[in-house]
Amino acid sequence: MPKVTIREERCKACGLCIHYCPKGVLGPSEKFNAKGYHPTEVKHPEKCIGCTICAQVCPDQVFEVYR
Amino acid sequence: MSTETMKKVYSIPESLRNRPHHYCPGCGHGIVLSIVGELVDELGVRDRAVGIAPVGCSVFLYEYYDFDCVQAAHGRAPAVATGLKRANPDLFVISYQGDGDLAAIGTAEIIHAANRSENFSTIFINNAIYGMTGGQMAPTTLLGQKSQTTPYGRNPNTDGFPVRVCELLNSLEGPYYLERVCVATPQDRVKAKKAIKKAFTYQLEGKGFSLVEVLSQCPTNWGMSVLDSVKWVKEVMAQTFPLGVFRDKGQQK
Ligand SMILES: Cc1ncc(C[n+]2csc(CCOP(=O)(O)OP(=O)(O)O)c2C)c(N)n1
Ligand code: SF4
Ligand code: SF4
Ligand code: SF4
């Protein structure tokens, strides 16, 4: 099953990955990271298709993607 | 499932250092940073790459690229790039400039480097504003656009008109390749990477001067949410700055 890894300490919660993920996999976490943002987390791992769109639109080099 | 048995289809570029950068949330500079890192990896040029950091929000590029870098005085990246490339043609030179840097204080340098068709690649970040200093008008600010120095909107009678850099350079014979792209959507990001790859490849082939202009969201100084800012790039900014190829001598017969 495709999957993404998230370097949550780098996330600035811009929302681009959540907006552009075609499968609604991602969403904001309830917790804070050290920068004070609610980092993106995987909400629906089973829906991920490994398309890499999240990694491409992220300005903060947060994602790696596996298939 | 553990990732060990899986194929990695997107890796953090090795040509970028493993440290966070200071760009604001959603900033287009951050997306272009990934593109440059990916391409330096893909083209295998990291050992001979030299990045030139401008003055502006990207001034700390030398902290982000994991290859050699020089930080140029405001607007003078094309002059530094010219010197590096002429002194050592084996270097792979990536010159990076904002719109205040390239189209205001550095106007002379970019025009003459393009006119001489110096063999390096320029990435030109057009965010229609001076980002680093807090949102003053840039030469590229749109008519009617509010900024710290045009609080009622840019007025052509007192502030002049937006400078279209690709169109301006396209009046010269020197440039080999000029294209304007944006990084507002995943599809635009694919096109932007293709354009920057072309510019890099032309340099490796010794073809001469290339410039890729990237319309780049600055949510902070536009006073917009990130999602509104990417929409504004496509719906408003691209009306004044049309996307597309202006010059590609590699495609001419
Ligand atoms: C010689 C000189 N003049 C003025 C400045 C102040 N200054 C710093 S950044 C900047 C403008 C940067 O705007 P831009 O090139 O559009 O880059 P951005 O920050 O938007 O990415 C200015 C005028 C300076 N550092 N050096
Ligand atoms: S790889 Fe594609 S489907 Fe999976 S989280 Fe990223 S954008 Fe969504
Ligand atoms: S695109 Fe990157 S920085 Fe923005 S919310 Fe997603 S993971 Fe965080
Ligand atoms: S001020 Fe604008 S250009 Fe500078 S880092 Fe912030 S969003 Fe990016």
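Residue-wise test of (1) touching a residue at least 40 places away in the same chain (Cβ under 8 Å); (2) out of contact with any Phe, Trp or Tyr (no Cβ under 7 Å at 6 or more places or on another chain); (3) under 25 Å from residue B:31 (Cβ atoms).
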residue	(1), (2), (3)
B:126	yes, no, yes
B:141	no, yes, yes
B:144	no, yes, no
B:158	no, yes, no
B:165	yes, no, yes
B:172	yes, yes, no
B:183	yes, yes, yes
B:187	no, yes, yes
Tally the residues that are without any contact (Cβ under 8 Å) to a residue 12 or more places away in the chain and either more than 16 Å from ligand 1 (Cβ to nearest atom) or in contact with a Ser or Thr (Cβ under 7 Å, 6 or more places away or on another chain) (or both), restricting the search to the range B:18-41. 2
Could you count how many residues in the range B:1-17 are without any contact (Cβ under 8 Å) to a residue 40 or more places away in the chain and away from ligand 2 (no atom under 16 Å from the Cβ)? 4
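Matching residues to (1) over 21 Å from residue B:82 (Cβ atoms); (2) of a type outside the set (Gly, Ala, Ser):
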| site | (1), (2) |
| --- | --- |
| B:94 | no, yes |
| B:99 | no, yes |
| B:105 | no, yes |
| B:121 | no, no |
| B:148 | yes, yes |
| B:193 | yes, yes |
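I need the strands (runs of 3 or more DSSP E) fully contained in the range B:3-118, keeping only those with at least 1 residues that are more than 14 Å from chain A (Cβ to nearest Cβ), surrounded by 18 or more Cβ atoms within 10 Å (Cβ to Cβ) and more than 16 Å from ligand 4 (Cβ to nearest atom).
So the answer is B:49-53, B:68-71, B:92-98.
Which residue, of B:190, B:214, B:226, B:230, is within 16 Å of the chain's Cα centre (by Cα), closer than 20 Å to residue B:58 by Cβ and within 14 Å of chain A (Cβ to nearest Cβ)? Talk me through it step by step, then tell me what you get.
Details: B:190 fails: closer than 20 Å to residue B:58 by Cβ; B:226 fails: within 16 Å of the chain's Cα centre (by Cα); B:230 fails: within 16 Å of the chain's Cα centre (by Cα).
Of B:190, B:214, B:226, B:230, the one residue that is within 16 Å of the chain's Cα centre (by Cα), closer than 20 Å to residue B:58 by Cβ and within 14 Å of chain A (Cβ to nearest Cβ) is B:214.
Kindly evaluate residue B:147 against the criterion of being among the small types (Gly, Ala, Ser), away from ligand 2 (no atom under 16 Å from the Cβ), under 22 Å from residue B:202 (Cβ atoms) and open to solvent by less than 20 Å² (accessible area, probe 1.4 Å).
On the way: among the small types (Gly, Ala, Ser): yes; away from ligand 2 (no atom under 16 Å from the Cβ): yes; under 22 Å from residue B:202 (Cβ atoms): no; open to solvent by less than 20 Å² (accessible area, probe 1.4 Å): yes.
Against the criterion (among the small types (Gly, Ala, Ser), away from ligand 2 (no atom under 16 Å from the Cβ), under 22 Å from residue B:202 (Cβ atoms) and open to solvent by less than 20 Å² (accessible area, probe 1.4 Å)), residue B:147 does not qualify.
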Any residue in the range A:53-67 that is within 16 Å of ligand 1 (Cβ to nearest atom), surrounded by 17 or more Cβ atoms within 10 Å (Cβ to Cβ) and not aromatic (Phe, Trp, Tyr)? yes
Failed item in (1) in a loop (DSSP other than H, G, I, E, B); (2) within 14 Å of chain A (Cβ to nearest Cβ); (3) more than 17 Å from the chain's Cα centre (by Cα), with residue B:173 passing the rest: (2)
Pick from A:43, A:47, A:12, A:23: which is of a type in the set (Lys, Arg), more than 16 Å from ligand 1 (Cβ to nearest atom) and touching a residue at least 40 places away in the same chain (Cβ under 8 Å)? A:12
Name the residues in the range B:83-133 that are within 20 Å of residue B:241 (Cα to Cα), among the aliphatic types (A, V, I, L, M) and in contact with a strand residue (DSSP E or B) (Cβ under 9 Å, 6 or more places away or on another chain), would you? B:102, B:103, B:104, B:110, B:114, B:123, B:125, B:128, B:129
Within the set of pairs 6 or more residues apart or between chains, which connect a residue that is crowded, with 21+ Cβ neighbours inside 10 Å inside the range B:216-229 to a residue that is aromatic (Phe, Trp, Tyr) with Cβ atoms less than 8 Å apart? B:217/B:232; B:221/B:130; B:222/B:232; B:229/B:222
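The values are calculated or read from the model by the stated rules, or taken from the named source; none is laboratory data. The structure displayed is predicted, hence computed values, not measured ones. Every residue, glycine as well, gets a Cβ built from its backbone with ideal geometry; the counts of neighbours run over all protein chains shown. Ligands, DNA and RNA are stripped out before the accessible areas are found, and what is left, the full protein with its side chains, is counted by its heavy atoms. Shrake-Rupley method; radii C 1.70, N 1.55, O 1.52, S 1.80 Å.
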